[in-house]
Amino acid sequence: MAILKLSSVFSVLLLATSTVMGAGVATHPCSGGRPIPTEVRVEGCTVPPCDLVRGSDAIMDMDFTAPFAASNLRTEVVATALGVTAPFELPADRAAACNWLLNAQCPISANEDITYRLSMPVLLIYPRVSLTVEINLVDDAGQSLACFMLDARVVSGRVA
C-alpha cells in the first residue's frame, strides 16, 4: 500500500515538474492590438529578463494560431534600450519565417496552430544593456499574425 502511495506521489510530482519546465516565459503584448501568441519559450530562460548571451544565438519558440491565411511570413524585430528604439535587422535567411516553422509550412491557413522558432544572433559587439525586444511575425502586406515583447538583457558569455 505504501509503495502504491509513493508511486502516486512520484507521478504527481513528475507531472508538475514537466508542466513547469514546459511553461512559457512572461511577455508583454505589442501596441496596436496586434495578435498575441499562445505561448513563448526562450531557451535557457524561465523568468524575464532573459539573458541574450553575446557570441551566441538567442532561441525563442512562439506558439500561435494564425488569425488569417498567409502565403509568406517574415520576422520583424525592434529593440528598445536606454530610451532608444531601433529596428534589429535579422540576416535574410532568419527573417524568412517560413523556413523556421516547426510543425507547418507556408502557405498557412486561417486558424492553423503554428510553432515558429526564432534563432537571433547576439553579436559580440553588442553592449551589455537591458532592453525590450519586440518580435512581430507579419505577412507580405505587413499584417501581424503574432507579436510579443520580451524583457531581456545582453550579457557576456562564460569564460572557459
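The values are calculated or read from the model by the stated rules, or taken from the named source; none is laboratory data. All values reported here derive from a predicted model rather than from experimental measurement. Cβ sites come from the backbone with ideal geometry, for glycine too, and all protein chains shown count toward neighbours. Just so you know, the surface numbers come from the protein's heavy atoms only, side chains and all, with ligands and any DNA or RNA stripped out. Shrake-Rupley method; radii C 1.70, N 1.55, O 1.52, S 1.80 Å.
Quick check for you: which residues of segment 124-141 have the amide N under 11 Å from the point 7 Å beyond the Cα of SER156 toward its beta carbon?
Only 128 fall inside the zone, counting backbone N under 11 Å.
Heavy atoms only, probe 1.4 Å: what % of the accessible area of segment 35-155 goes to carbon and sulfur, would you let me know?
53
For VAL53, what residues show an amide H to amide H distance below 5 Å, using hydrogens built from the backbone and excluding near sequence neighbours?
So VAL53 has HN proximity to VAL155.
Leaving out ligands and nucleic acids, note down the accessible area per residue over segment 89-160 with a 1.4 angstrom probe, in whole Å².
Result: 54 Å² of accessible area for each residue.
Could you work out how much longer the chain between ASN103 and VAL84 gets when fully extended? Use 0.36 nm per residue separation minus the Cα distance between them, nm to one decimal.
3.3 nm is the gain from fully extending ASN103 to VAL84.
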